[in-house]
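Written out below as structure tokens is the structure these notes cover.
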Amino acid sequence: MLAAHHTFEQTPRGDGDQPSEDWLIAHADFHTTLLAGCANPRLSDLAASLREEAELYRRWSRPAPADPHRWTDHALHKEHRDLLDAVMARDSERADAALRRLIGFTSGMVLDTDPHA
């Protein structure tokens with residue numbers, strides 16, 4: 001977990017609205033490593049399948065540049081750090097809350113994205 005998070009945190013997000021391919025890979029590796037700790041193979045497979053299906057939407061998402069309430073890259077890294085800290089502390093309630101915030105952030109960006117942009 002620590003190594004995957006370090007790699008993700010050190011990978012530049014890229015220029016413009018869309019993250020770089022390297023950033024997307026590091027991000028996916030972080031979450032894949034998180035799932036690797038699941039002892040229930042059925043639950044792990046289901047979570048991996050949902051994450052894979054959500055990747056399309058994650059690639060479509062982009063923050064609205066004029067929206068001051070959107071997260072910065074710094075805030076996004078902080079949320080991933082909070083998730084890592086909760087997992088390392090084996091605090092499932094904190095980890096659940098951090099993961100829900102991350103999912104909500106991406107969902108919000110997809111819903112706010114102009115399909116003609």
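The values are calculated or read from the model by the stated rules, or taken from the named source; none is laboratory data. Bear in mind that the values here come from a model prediction, so they are computed numbers and not experimental data. Note: ideal-geometry Cβ built from the backbone for every residue, glycine included; neighbour counts use all protein chains shown.
Could you list, in sequence order, all residues of region 58-80 that are closer than 21 Å to Ala97 by Cα, assigned to a helix (DSSP H, G or I) and at pLDDT below 85?
Across region 58-80, the qualifying residues are Arg58, Asp73, His74, Ala75, Leu76.
Exactly one of (1) surrounded by 10 or more Cβ atoms within 10 Å (Cβ to Cβ); (2) at pLDDT below 75 is unmet by Leu24. Its number?
Single failed check for Leu24: (2).
Here is a list: Leu46, Leu50, Leu24. Which entry is part of a helix (DSSP H, G or I) and more than 16 Å from the chain's Cα centre (by Cα)?
After ruling out the rest, the residue left standing is Leu46.
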